[in-house]
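Reading through the structure tokens given below for one structure.
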Amino acid sequence: MSFHETSPAAPPATLFFGGPIRTVDAEDSVAEAMLVIGNRIAAVGTPGECRAAALELTTSVPEIVDLQGRTLVPGFVDPHAHPLMYGQLLSWVDCGPEAAPDIPTMLERLAKAAADNPGDGPIRGYGYEHRNLAEQRHPSRQELDTVSTTREVYVMNASGHGGVVNSFILDNAGIGPDTPNPAGGTFFRDAEGSLTGELSDAACDILTGEDGVKLGHHGPNFHLADSKEQHRGQLLHAQREFLSHGVTSIGDCQVTKREFAAYLDLVERGELVTRINAYFLSSLLDEVLQLGLVDRFGDSLLSFAGIKLYADGTLGGWTAYFPEGYRDDPCRTGSLYHEPADYRELVVRAHSAGLQTATHAQSPTAIQLVIDAVKEATAVSPRADHRHRIEHCGLPTPEQITEMAELGILPVNQPQHYYNWGPGVLDAIGSPGERFNPLGEFVAAAVPVTMSSDAPVADPRPLEAIQTAVTRKTRSGVQLGTDELKIDAVAALRAHTINGARAMGREKDLGSLEPQKLADFVILAADPLAAPEGDISGIDVVETWVNGARVYVA
């Protein structure tokens, strides 16, 4: 495979034909040909119509790309991901279920990393889910102490909302048995009150060092500092992964000074190829308003999109807020990041300034918090097309889905979460978990369905997400919930293209193949709308094009 690490120049004109071209326009048309001039789509239709347009619009003879029966679709849009975090974790020790099915294997892998990297640098792992471990529990700080007692050892949960640290990290941060939990986070303790080493959400602030990014109760802190050159390498690695799966536009849903600086560095070097739409974390809302950033700024590659907030935590880490408790641990309820009144005030301020908000909310209680805040905000400052989003929106009630339709709230779901961890949701909360990500119910209520990866929580593989949305099958092949929760392949393709663009306010330029739109598209080895539903995820991405230029070839 090959990549362009810098944005290549587009050919003067290119004509594509020889295979189905899925436009994903309002009629879901299938065209025979597409003409691209520079970085824009010039014409879509028959080969004759596109050749006639070329004669009229340019003096250049178009380059010819024969699809040879392959399918051309819009570039996939991933409106909720964390590219720098994804790139950073690709350099950590893999502690996922295939690499580390049990705690001893996890410790062996971490110890090997420590031996291979002598010195005092941190040892970090990623990807474990305690229900996927043979022991059905989190590792303890004492177990991580066997890897090292003189350097940081941290294993992040697959959700990204916390993990387990060794005693060295707790001692250096001054965290003891009597340390109170921070707002929106937890230092977990055993029955005797001793620290277990597990921490979640806002408690992760201790991992970033004295001068690192601090979030308080505004979100889980995965903003671990590396050098500028390391961040550059991590972001380039992540970008290659997104492009190899056909993703051309990304919504970075937790931007702090770390991410913004890394993107600006790539822009200055001419190395940013994917389109980034930045959602600044709510801890920066005051700064955003003081700077007057109440409208889009940036360009077609790097732009400001809105404000990211958190209502509750994650199902994977049992920190999503269920006041009735979790099935196997009724004393564990998860938590809200903000008091309801404080959260509503943040949303009202952002909305009144004209900003879009995107709030992480998983439980019905957290989802209702968002709905109530949007109701209040739109009453204070009416605005019809606000496009406020609920990220993940895992377990809305049918009544809440109706309210979302009435208010114009957009859910941004991740089918790969139930592909990878659907059984874990059932273990956590019981049979209500069968409705996790109820895409079919959204469609029935006329709520636009939008899908994303939440990378690194799942790899950015849109075709895997599309297949999962169509089949509702988990990695083990078991269907989660009833057929009414499924959507068809047409709706799933729209969810990862035009609906994703609309969720970021970019539908005028991106998400479908129509004249005057930016020429971002993907050539697939087969047609995902014609393939057997169980074969969609296995379709190869052959080429990815951004701005009318080929940036990835398998």
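Quick one: which residue in 321, 326, 310 is surrounded by fewer than 23 Cβ atoms within 10 Å (Cβ to Cβ) and in contact with a strand residue (DSSP E or B) (Cβ under 6 Å, 6 or more places away or on another chain)?
The unique qualifying residue is 321.
Going by what's in this entry, would residue 239 be described as crowded, with 24+ Cβ neighbours inside 10 Å and in a helix (DSSP H, G or I)?
Here the answer is yes, as residue 239 does meet what is asked.
Which residue, of 100, 111, is in a loop (DSSP other than H, G, I, E, B) and either under 29 Å from residue 263 (Cβ atoms) or in contact (Cβ under 8 Å) with a residue 12 or more places away in the chain (or both)?
Of the residues listed, the single one that is in a loop (DSSP other than H, G, I, E, B) and either under 29 Å from residue 263 (Cβ atoms) or in contact (Cβ under 8 Å) with a residue 12 or more places away in the chain (or both) is 100.
Have a look at 24, 77, 44 and point out the one that is in contact with a Leu (Cβ under 7 Å, 6 or more places away or on another chain), of a type outside the set (S, T, N, Q), buried (at least 20 other Cβ atoms within 10 Å of the Cβ) and part of a loop (DSSP other than H, G, I, E, B).
Numbers: 77 fails: part of a loop (DSSP other than H, G, I, E, B); 44 fails: part of a loop (DSSP other than H, G, I, E, B).
After ruling out the rest, the residue left standing is 24.
Could you tell me whether residue 222 is closer than 14 Å to residue 86 by Cβ and not in a strand (DSSP E or B)?
Here the answer is yes, as residue 222 does meet what is asked.
For segment 391-404, state whether one or more residues are surrounded by fewer than 17 Cβ atoms within 10 Å (Cβ to Cβ), more than 29 Å from residue 479 (Cβ to Cβ) and either in the same structural domain as residue 450 (by TED's automatic domain parsing) or polar (S, T, N, Q) (or both). Write out each step before concluding.
Initially, segment 391-404 is screened for residues surrounded by fewer than 17 Cβ atoms within 10 Å (Cβ to Cβ), giving 397-399, 402.
Narrowing the set further to residues that are more than 29 Å from residue 479 (Cβ to Cβ) leaves none.
Looking through segment 391-404, none of the residues is surrounded by fewer than 17 Cβ atoms within 10 Å (Cβ to Cβ), more than 29 Å from residue 479 (Cβ to Cβ) and either in the same structural domain as residue 450 (by TED's automatic domain parsing) or polar (S, T, N, Q) (or both).
How many residues, within segment 130-141, are in contact with a strand residue (DSSP E or B) (Cβ under 7 Å, 6 or more places away or on another chain) and among the charged types (D, E, K, R)?
Within segment 130-141, residues that are in contact with a strand residue (DSSP E or B) (Cβ under 7 Å, 6 or more places away or on another chain) and among the charged types (D, E, K, R) number 1.
Of all residues in segment 19-44, count the ones that are touching a helix residue (DSSP H, G or I) at 6+ places or on another chain (Cβ under 9 Å) and more than 19 Å from residue 498 (Cα to Cα).
So the answer is 4.
Could you grab me the full set of residues in segment 355-377 that are farther than 27 Å from residue 435 by Cα and crowded, with 18+ Cβ neighbours inside 10 Å?
355, 356, 377
Quick test for you: out of 535, 520, pick the one residue that is surrounded by fewer than 18 Cβ atoms within 10 Å (Cβ to Cβ) and not assigned by TED's automatic domain parsing to the domain that holds residue 129.
Only one candidate passes the filter, namely 535.
The values are calculated or read from the model by the stated rules, or taken from the named source; none is laboratory data. What you see is a predicted model, and the numbers here were worked out from it, not measured in a lab. Backbone-built Cβ (ideal geometry, glycine too); neighbour counts: all protein chains shown.
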